[in-house]
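Written out below as structure tokens is the structure these notes cover.
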């Protein structure tokens, strides 16, 4: 176990549904990330939170809405998704701005999302 | 355009041989480069990090090299075992930035046959 948990592990939703993905890290890290992983494509960094403030938003459609209530929890709220949004959504954490400055990413197991 | 490429989508080798995976990048000046392992249905797991001023880094049967002139990193697994079968990802962080700028390659799926 990496110390990062994600729920649910699998999610099937219709295009009109609203759902949320949850991530929790038990590593004492101060930065959390959402990634999208589609088949045969590189990991796409979606959102970055450092010290609970969003520091990066890589032109992600507004139907994805992140929330970081504290340094241990991260949510991804989903609404009116499209079939092309079907992918593995990975959460990660790191210790940002530390003396080591390695930014090693610790990933959760991911949520496999299918949009019908 | 800026990109990072891993040499092949899939690599099959015989058990006991050395597996060599390649990561090439263009239009970046990386501060450091990382390698991750990803098993099916799971998130990537960090393996090794090599900085721009390091030529080589080792960890047990793993070795990573970094050639900033060639803009290339090589990842070696010596005495490969079927348990090493997985997808391996390289990632780089451009110089003067943080993990908010991390860029991943698409991965190489390695299969070790007995």
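Laboratory data are not the source of any read-out in this text; all were calculated from the coordinates shown. In this text, all values refer to a predicted model and were calculated from it rather than measured experimentally.
Given Cα positions, please report Rg to Rh for segment A:6-53, the hydrodynamic radius being the Kirkwood one. Don't skip to the end; give the middle numbers.
Working: Rg = 13.2 Å, Rh = 13.0 Å.
Taking Rg over the Kirkwood Rh, I get 1.01.
Can you run the Rg to Rh ratio on segment A:44-116? Use alpha carbon positions and the Kirkwood inverse-distance Rh. All intermediate terms of the calculation are to be shown ahead of the outcome.
Details: Rg = 13.3 Å, Rh = 13.5 Å.
My calculation of the ratio gives 0.98.
Considering every Cα-Cα pair within the protein assembly as shown, what fraction, in whole percent, is farther apart than 27 Å?
Details: 8971 of 26335 pairs.
Above the 27 Å cut-off, the protein assembly as shown has 34 percent of its Cα pairs.
Over the Cα atoms of segment B:3-44, what radius of gyration and what Dmax do you get, in Å?
That works out to 13.0, 36 Å for Rg and Dmax.
What is the ratio of the Cα radius of gyration of chain B to 2.2 N^0.38 Å, with N the residue count, to two decimals? Display every interim value, and only then the final one.
Numbers: Rg = 13.6 Å, N = 114, 2.2 N^0.38 = 13.3 Å.
Normalised Cα radius of gyration, chain B: 1.02.
Jot down the radius of gyration and Dmax of segment A:1-80, Cα atoms only, both in angstrom.
12.8, 36
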